[in-house]
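Notes for the one structure printed next.
The values are calculated or read from the model by the stated rules, or taken from the named source; none is laboratory data. Keep in mind that this is a model prediction, so the values were computed, not measured. Here the Cβ positions follow ideal geometry from the backbone for every residue, glycine too, while neighbour counts run over all protein chains shown.
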Ligand code: TYM
């Protein structure tokens, strides 16, 4: 049987090259070997305050970027989370099988609740909704960046718990997380100790997939570097250069060692100049395709088809769990 792959991306800003290299690039690869479902998780974005118009537009833009990055809607299924009510319903049923203590331990909740003035109940139960997204489709594999590892472990724990209480109900999903040297954690361009994030207040910290060439050049020119002048991969002592090397390697397809040899200790100037051009070349076809997908009705039609397909897939799993819990059939 073909594997089922599921992943989601929040419409909480313009997607970055971190999202692309850590996750979406692998979505594109996996669509050739598995039954893939990719979701724009708008309900997750609501866990922090959003401007309604921005959320609306970003939801459509993330779906367009999925396709622009190479996800083929004839091969993989793309849909919007809030269009399929089963996600919110299963999330509630799973919340009643999750513990306050395990949610309190989630590091992303600790970080986000420390940063945000408003801490919603939704921010706290966010990982359970993510578990619902995954478990609803009997998912085998979940391609994500390193930052989602703990959430995935929780999804596995919940699946194992439900299965042992109620009998086999959910498949226990496996993570698909690239190592750091292969994009699992792309770091901020202004602080290499922090991950690159689309919701950052400082646009200089990330390259957005829709950044025009001049903006890319400027951001790479001002990206922080480490002391010394050697272009060398060393996560501990050269975090900033290591991050730029990973981006260079993944965008160009050249192994890190080759790039190290090419620049050696000739300083960071030429390396950064070339890196900017390599990123621009990577983004150019994505941006072109994105524009075509902005024609009215194009992405809406893809999302409608996606919704129709996944609603039918989700129904039997949800009904089975409802019955096991003792809820009267509807
Ligand atoms: P989100 O929207 O923050 O990020 C989308 C994907 O991009 C990865 N990513 C990164 N990878 C490498 N380096 C980075 N700097 C970087 N920043 C982000 C993320 O790991 C993710 O794979 N909770 C999820 C969305 C979600 C989900 C799901 C994922 C909801 N339901 C079900 C998988 C399955 C999130 O906020 O991702």
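Can you name the number of the only condition in (1) surrounded by fewer than 17 Cβ atoms within 10 Å (Cβ to Cβ); (2) closer than 29 Å to residue 132 by Cα that residue 184 fails?
(1)
Would you point out the residue of the stretch 187-213, among those that are in contact with a strand residue (DSSP E or B) (Cβ under 8 Å, 6 or more places away or on another chain) and outside any loop (DSSP other than H, G, I, E, B), that is farthest from the ligand (Cβ to nearest atom)?
My answer is 208.
Within the stretch 151-164, is even one residue touching a strand residue (DSSP E or B) at 6+ places or on another chain (Cβ under 6 Å), more than 12 Å from the ligand (Cβ to nearest atom) and within 21 Å of residue 3 (Cα to Cα)?
Looking through the stretch 151-164, none of the residues is touching a strand residue (DSSP E or B) at 6+ places or on another chain (Cβ under 6 Å), more than 12 Å from the ligand (Cβ to nearest atom) and within 21 Å of residue 3 (Cα to Cα).
Of the residues that make up the stretch 67-79, is at least one surrounded by fewer than 20 Cβ atoms within 10 Å (Cβ to Cβ), touching a helix residue (DSSP H, G or I) at 6+ places or on another chain (Cβ under 7 Å) and on the phi > 0 side of the Ramachandran plot?
Among the residues of the stretch 67-79, at least one is surrounded by fewer than 20 Cβ atoms within 10 Å (Cβ to Cβ), touching a helix residue (DSSP H, G or I) at 6+ places or on another chain (Cβ under 7 Å) and on the phi > 0 side of the Ramachandran plot, which makes the answer yes.
Of all residues in the stretch 136-160, which are within 26 Å of residue 315 (Cβ to Cβ) and either modelled with pLDDT under 95 or surrounded by fewer than 16 Cβ atoms within 10 Å (Cβ to Cβ) (or both)?
Answer for the stretch 136-160, where residues must be within 26 Å of residue 315 (Cβ to Cβ) and either modelled with pLDDT under 95 or surrounded by fewer than 16 Cβ atoms within 10 Å (Cβ to Cβ) (or both): 157, 160.
Tell me which residues, restricted to the stretch 214-228, are touching a helix residue (DSSP H, G or I) at 6+ places or on another chain (Cβ under 9 Å) and in a loop (DSSP other than H, G, I, E, B).
Result: 223, 224, 225, 226, 228.
What's the number of the condition residue 219 fails, among (1) surrounded by 15 or more Cβ atoms within 10 Å (Cβ to Cβ); (2) closer than 15 Å to residue 17 by Cα; (3) within 12 Å of the ligand (Cβ to nearest atom)?
Checking residue 219 against (1) surrounded by 15 or more Cβ atoms within 10 Å (Cβ to Cβ); (2) closer than 15 Å to residue 17 by Cα; (3) within 12 Å of the ligand (Cβ to nearest atom), the one that fails is (3).
Restricting to the stretch 170-186, count the residues that are over 19 Å from residue 151 (Cα atoms) and within 11 Å of the ligand (Cβ to nearest atom).
1
Consider residue 109 against the criteria (1) without any contact (Cβ under 8 Å) to a residue 24 or more places away in the chain; (2) away from the ligand (no atom under 12 Å from the Cβ); (3) assigned to a helix (DSSP H, G or I): it satisfies all of them except one. Which criterion is unmet?
Failed condition: (2).
I'd like the full set of residues that are away from the ligand (no atom under 13 Å from the Cβ) and either within 15 Å of residue 154 (Cα to Cα) or buried (at least 16 other Cβ atoms within 10 Å of the Cβ) (or both), limited to the stretch 90-106.
Those that are away from the ligand (no atom under 13 Å from the Cβ) and either within 15 Å of residue 154 (Cα to Cα) or buried (at least 16 other Cβ atoms within 10 Å of the Cβ) (or both): 93, 95, 96, 97, 98, 99, 100, 101, 102, 103, 104, 105.
This table checks each residue for (1) more than 10 Å from the ligand (Cβ to nearest atom); (2) part of a loop (DSSP other than H, G, I, E, B); (3) out of contact with any strand residue (DSSP E or B) (no Cβ under 9 Å at 6 or more places or on another chain).
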| position | (1), (2), (3) |
| --- | --- |
| 8 | no, no, no |
| 14 | yes, yes, no |
| 24 | no, no, no |
| 32 | yes, yes, yes |
| 49 | yes, yes, yes |
| 70 | yes, yes, yes |
| 74 | yes, yes, yes |
| 79 | yes, no, no |
